[in-house]
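Some notes on the structure that comes next.
Just so it is clear, none of the values below were taken in a lab; they were calculated from the coordinates. Note that the structure is a prediction, hence the values are computed from the model and not measured. Using ideal geometry, Cβ is built from the backbone for each residue, glycine included, and neighbour counts are taken over all protein chains shown.
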Amino acid sequence: MTGDAAPSRGVWITLEGGDGAGKTTQAGLLETWLRERGREVVRTREPGGTEVGTLVRDIVLHHRGEVAPRAEALLYAADRAQHVATLVRPALERGAVVVQDRYLDSSVAYQGAGRVLDAGEIRDLSLWATEGALPHLTVLLDLDPSAARARLDADDKPFDRLEAEREDFHARVRAAFLQLAAAEPDRFLVLDATAPAADLAAAVCARVQPLLA
Ligand code: TYD
């Protein structure tokens with residue numbers, strides 16, 4: 001975990017991308033592959049990986065009234081602070097592989113580019129919240145927002161507050177993710193989310209393999 005004073009034995013992998021990009025499917029396939037190799041795997045997500053996080057998740061995704069953009073950013077950061085302190089860091093310290101749906105890149109993309117807050121400030125807020133913790137690998141599943149919307153429509157689940165945003169919001173989010181990946185090529189693996197799930201999984205595993213040594 002970068003920015004961490006204490007060396008940790010574990011491996012931390014986050015998955016990012018727009019809603020409907022297939023993060024959960026890939027997290028599941030990666031978990032199976034890691035378990036077959038005898039690794040302890042902690043599957044988790046933001047928002048909502050802890051008890052406090054579950055409460056925060058309910059506000060950010062389902063509150064019916066207005067949530068001011070800065071309040072939304074702080075809620076995600078609070079969830080993240082609790083998550084890293086009580087779940088992610090302890091898991092890494094005992095040598096587990098943490099496979100996590102979304103992390104600070106989601107805040108930079110959704111609250112930064114989506115809500116039009118300052119991207120640097122949003123990133124710094126998350127880094128403060130987590131004492132500088134960054135994953136070893138971030139897999140970005142890149143998908144055109146209209147293709148993503150078609151997948152979500154096919155799911156037939158009600159949209160949450162973020163999913164319900166308009167297409168230009170999701171186009172900004174996508175562009176921000178790609179920009180983040182370009183700025184940190186060593187941390188990111190960018191994949192075309194329209195590829196078959198098995199091909200994506202193979203690419204992820206190939207990138208994870210050397211991290212397990
Ligand atoms: P998501 O993982 O998509 O949950 P689900 O699969 O159940 O829909 O995340 C929920 C939403 O939260 C998603 O629309 C992205 C948004 N989000 C942010 O806006 N900022 C953040 O920092 C995080 C972690 C998520």
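In this simple spin-label model, placing a label point 7 Å from the Cα along the Cα-to-Cβ direction at both I59 and R94 gives a separation of 3.0 nm. Based on DSSP H segments of at least four residues, each scored -39500 (n - 2.57), the chain has a per-residue ellipticity at 222 nm of -14500 deg cm²/dmol. The simple Förster model, with R0 at 25 Å and r as the Cβ-Cβ distance, assigns L74 and E51 a FRET efficiency of 0.85. All other residues whose Cβ lies under 14 angstrom from that of A78 are scored, Lys and Arg at +1 and Asp and Glu at -1, for a net of -2. In the chain, taking the dipole from charged Cβ atoms about the Cα centre, the farthest positive-side position among L178, L143, V208 is held by V208. Farthest towards the positive end of the charge dipole of the chain, among the residues G38, L74, L189, is the Cα of G38, using unit charges on the Cβ of Lys, Arg, Asp and Glu. Distance distribution P(r), region 97-195, all Cα-Cα pairs, bin width 5 angstrom from 0: 2, 12, 20, 24, 21, 12, 6, 1 percent.
Between the beta carbons of A206 and D153, assuming R0 = 35 Å, the FRET efficiency works out to 0.60 to the nearest 0.05.
Taking other residues whose beta carbon is less than 10 angstrom from the beta carbon of V88, and scoring Lys, Arg as +1 and Asp, Glu as -1, yields 0. When each of the peptides 100-107, 79-86 is scored by how many other beta carbons lie within 10 Å of its residues on average, the order from highest to lowest is 100-107, 79-86. For the peptides 30-38, 15-23, the ranking by packing is 15-23, 30-38, with the highest mean count of neighbouring Cβ atoms within 10 Å listed first. At R0 = 22 Å, how high is the FRET efficiency between D118 and E184 if r is their beta carbon distance? Nearest 0.05 is fine. So, using R0 = 22 Å, E works out to roughly 0.75. Each Lys and Arg contributes +1 and each Asp and Glu -1, all at the Cβ; summed about the Cα centre of region 2-212, the dipole is approximately 460 debye. Whole-Hz Karplus values for region 184-190 come out as 10, x, 6, 7, 9, 10, 9 Hz, taken residue by residue from phi with 6.51 cos²θ - 1.76 cosθ + 1.60 and θ = phi - 60°; glycine and proline positions read x.
The ranking of F169, F188, F159, F177 from fewest to most other beta carbons within 10 Å of each one's beta carbon is F159, F169, F188, F177. Expressed as a whole percent, the proportion of Cα-Cα pairs in region 58-110 lying more than 17 Å apart is 44%.
Give, as ranges by residue number, the residues of region 142-166 whose backbone N falls under 19 Å from the point 7 Å along Cα→Cβ of A195. 142-145, 147-148, by backbone N distance to the label point.
Using alpha carbons only, what's the Rg to Rh ratio of the chain with Rh from Kirkwood? Taking Rh as the inverse mean 1/r over Cα pairs, Rg/Rh reads 0.94.
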